[in-house]
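J.: Here it is, the structure, as structure tokens.
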Amino acid sequence: MEIDNRGLMPPEPMVRILAALQGLPAGEELVALMDREPLLLYGELERRGFAWTLDGEDGAYRLTVRRAVG
Amino acid sequence: MTARPVPAESPPLAVVLPFFLAAPLGLVAGGVLLATAPKDVLVGINLPRTVAMTHAIVVGWASTTVMGATYQLSQAVLGGRVPSYRLARAQGLLHLASVPVFVFAVYRWDVALMGVAGSAVAASFLLFVGLAGFALARTRRGGAIRMGMGAGMAGLVATLGMGLLWLGALQWQWFPITLGRLSAHAQAGLVGWLGLTIMGVSDQLVPMFSLGKHREAKWPAVAIVVTATGLVVFAAGIATDPGRDARVVLAALLVPGPALWAWGLVQAFLGRARRRVDIHGRATMLSLPALGTAAIVGMGAAYGTPFMPDEEAARWLLAYGALLVGGFVGATLIANSLKIVPFLVWFHRYHRSAGRGPVPLIADLVNVPLQHAALAGVVAGTWLTAVGALAGSMLAVHAGGVALAFGGTALTAALAWSLLPAKSSRQPPAQRRQAG
């Protein structure tokens, strides 16, 4: 699953990612395209049991989120 | 490059919000003092009412806002950690209690009370430097924002040191407090503490809010270094009360750094992806003509006679102060406050519910007319005061004070609006597309 959050102002990218994760099937991953690193999202992802990695650079980030193992 | 990002944490609302909500009251107080000022405000820049007014605005409004922003940004953006939220709240309370007393003491020119209240204000600032400095020292991200905030703290310490020294000299007659020494203290605060901090913070926030690209990190860093170096030389030189030619050279040292920074900021803004200009973009762009005009007026004030009669020097200094503090610093603070506070409130109230049901967005937490009223009041107040001072018109100066007080009131209301209960205007957005 991929969502494009480029061009959106905070907190809409965070809201869209968390909404998309609600229905994420087990074993799948969500890829979000972002303009900015979502610094304050990471703590919430951790609290909801997700793991993530970040690729890219400022203006063109790619956040990959999946359910944490264990 | 694949990286495991480092989580950042927003400080509690109770730590940061009081700074932002209380700060504009300093602007209101300064505006009222200006609106009711007698004619001697155009004659002497160091008269009690004028000094009280400038401290209400610079220490009461601008510094208090920057304190709240520093606690927030050093953690939420730079990944640092304020060592004690309880101490940060205590520092805020000490600051908010001592500044009004200090301003009152200056207004009454009660030197003994100025000493007591001034010491409390200094203690609040020193505690802030310790707490925020600790957070900045432990940030996991760098760049111009960290450099600007760090250099700003150094400027703050220098300003405090000079302020306490001059207060002591006033009380115990150690040495005369000359115009040059006062100027060194004022510029250390305006350029060193507020200016350098704003230069660093804007380099992060302007691209963030306008979706522009960060410039190469070296250019804002060069601007900050050039400004800081020029300021050190300026302060050391002006404190000796040199002649006119030296004053002009020293004043000129304060221009290149901000000019380089402003040029870079305009480039970043012009290259933004988000074309629609909101309150942040408008306020930021409106701040730059004030900065440029302040530089010109400041150079004129440094030149002094025979460029202007002696009795006009105070008017040029008043105009310079209005443009730099109200027009540049003030507009920038409005721009950032009106972004930071609604987001802070949203984050602390709604982020745990995000994605699980309808939540308000930022647009549901703001009152756009109030925001623009605040900006309009401050911008109008700045230019009315500056033009009035230069032209010797008390009518314009008083109107400027009224506009500033109005702007401060509207700003308080606009910030407090975010705290009102909000309903979501729409459902969470649907997923854009599925891969594979």
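Here, each number is a calculation from the coordinates, and none is a lab measurement. As the structure is a prediction and not an experimental result, all values here were calculated from the model. Please note: Cβ atoms are built from the backbone with ideal geometry, for glycine as well, and neighbour counts cover all protein chains shown.
J.: Residue by residue through B:347-358, how many Cβ atoms from other chains fall within 10 Å of the Cβ on average? Show your work: numbers first, answer last.
T.: Numbers: counts 5, 0, 0, 3, 8, 4, 2, 11, 12, 4, 2, 1.
Across B:347-358, the average partner-chain Cβ count within 10 Å equals 4.
J.: While we're looking at this one, here's another question. For q = 0.06 Å⁻¹, what log10 I(q)/I(0) does the protein assembly as shown give under the Debye formula with an equal point scatterer on each alpha carbon and no solvent?
T.: The calculated log intensity ratios at q = 0.06 Å⁻¹ are -0.28.
J.: Take the Cα atoms of the range B:215-363, find their three principal axes, and give me the spread along each one in whole Å, biggest first.
T.: Extents along the principal axes: 69, 35, 27 Å.
J.: Now, a different point. Mean projection of the alpha-carbon convex hull of the range B:16-131 over all orientations, in nm²?
T.: Numbers: hull surface 29.0 nm².
Mean projected area for the range B:16-131: 7.2 nm², to one decimal.
J.: Here is a follow-up. What ranking do B:411-418, B:362-369, B:191-198 get when scored by the average of other Cβ atoms within 10 Å per residue, highest first? Write down the numbers at each step before the final one.
T.: Details: B:411-418: 22.1, B:362-369: 16.2, B:191-198: 26.5.
Highest-to-lowest ranking by the protection proxy: B:191-198, B:411-418, B:362-369.
J.: For a quick check: sort B:Thr409, A:Thr64 by the number of other beta carbons within 10 angstrom, fewest at the front.
T.: Listed from fewest to most nearby Cβ atoms, that is A:Thr64, B:Thr409.
J.: Further question on the same structure: So which trypsin sites (Lys or Arg not before Pro) in the range B:329-433 are both in a DSSP loop and have at most 13 other Cβ atoms within 10 Å of their Cβ?
T.: Details: sites: B:Lys339, B:Arg349, B:Arg352, B:Arg356, B:Lys423, B:Arg426, B:Arg432, B:Arg433; in loops: B:Arg352, B:Arg356, B:Lys423, B:Arg426, B:Arg432.
Loop-located and lightly packed - B:Arg356, B:Lys423, B:Arg426.
J.: Which value in deg cm²/dmol, rounded to the nearest 500, describes the helix-derived mean residue ellipticity at 222 nm for the protein assembly as shown, given -39,500 (n - 2.57) per DSSP H run of n ≥ 4 and division by the residue count?
T.: Working: 19 runs with 312 residues, N = 506.
Helices in the protein assembly as shown give a 222 nm mean residue ellipticity of -20500 deg cm²/dmol.
J.: Give me the number: length gained by fully extending B:Ala391 to B:Thr36, i.e. 0.36 nm times residue separation minus the C-alpha to C-alpha distance, one decimal in nm.
T.: On the way: separation 355, 0.36 × 355 = 127.80 nm, distance 1.81 nm.
Between B:Ala391 and B:Thr36, full extension yields 126.0 nm more.
J.: What does a probe at B:Trp172 reach in the range B:126-164, counting residues whose amide N is under 19 Å from the point 7 Å along Cα→Cβ?
T.: The answer is B:160-164.
J.: Read phi for every residue in the range B:195-206 and hand back ³J(HN,Hα) as whole Hz from Karplus 6.51 cos²θ - 1.76 cosθ + 1.60, θ = phi - 60°, with x for Gly and Pro.
T.: After applying 6.51 cos²θ - 1.76 cosθ + 1.60, I find x, 5, 4, 5, 4, x, 5, 5, 4, 8, 7, 5 Hz.
J.: For chain B, find the longest principal axis of its Cα atoms and tell me its angle to the long axis of helix B:85-108, 0 to 90°, nearest 10.
T.: Here the helix axis deviates by roughly 30 degrees.
J.: Another question, if that's okay. Starting from the range B:61-105, pick out the trypsin sites (Lys or Arg not before Pro) whose DSSP state is loop and whose Cβ has at most 13 other Cβ atoms within 10 Å. Please list the in-between numbers first.
T.: On the way: sites: B:Arg81, B:Arg86, B:Arg89; in loops: B:Arg81.
Passing sites in the range B:61-105 do not exist.
J.: For the range B:139-183, which chymotrypsin sites (Phe, Trp or Tyr not before Pro) are in a loop by DSSP, counting at most 13 other Cβ atoms within 10 Å?
T.: On the way: sites: B:Trp166, B:Trp172, B:Trp174; in loops: B:Trp174.
Passing sites in the range B:139-183 are B:Trp174.
J.: Could you tell me which of rounded, prolate or oblate describes chain B, using a ≥ b ≥ c as the square roots of the eigenvalues of the alpha-carbon gyration tensor, with rounded for a/c under 1.5 and, failing that, prolate when a/b is larger than b/c and oblate otherwise?
T.: On the way: a/c = 1.60, a/b = 1.59, b/c = 1.01.
In terms of gyration-tensor shape, prolate.
J.: Using only atoms on other chains, find how many Cβ atoms lie within 10 Å of each Cβ of peptide B:264-274 and report the average.
T.: Working: counts 0, 0, 0, 0, 0, 0, 0, 0, 0, 4, 4.
Partner Cβ neighbours, averaged per residue: 1.
J.: Of all the C-alpha pairs in the range B:206-300, what % are more than 23 Å from each other?
T.: Cα-Cα pairs of the range B:206-300 separated by over 23 Å account for 36 percent.
J.: Is there a simple number for the mean count of other chain Cβ atoms within 10 Å of the Cβ of residues in A:42-55, and what is it? Intermediate values should be presented prior to the final figure.
T.: Details: counts 6, 5, 6, 2, 1, 1, 3, 0, 0, 1, 3, 4, 6, 3.
Rounded to a whole number, the mean comes out at 3.
J.: Can you tell me the Rg and Dmax of the range B:137-210, counting just the alpha carbons, in angstroms?
T.: 15.9, 52
J.: To check my understanding: the extent here is largest minus smallest coordinate of the Cα atoms along each principal axis. What are those three numbers for the range B:75-216, in Å, largest first?
T.: Computed over the Cα atoms, the extents are 52, 36, 24 Å.
J.: In sequence order, what are the phi-derived ³J(HN,Hα) couplings for the range A:11-20 according to the Karplus relation 6.51 cos²θ - 1.76 cosθ + 1.60 with θ = phi - 60°, rounded to whole Hz, with x for glycine and proline?
T.: x, 4, x, 4, 4, 5, 5, 5, 5, 5
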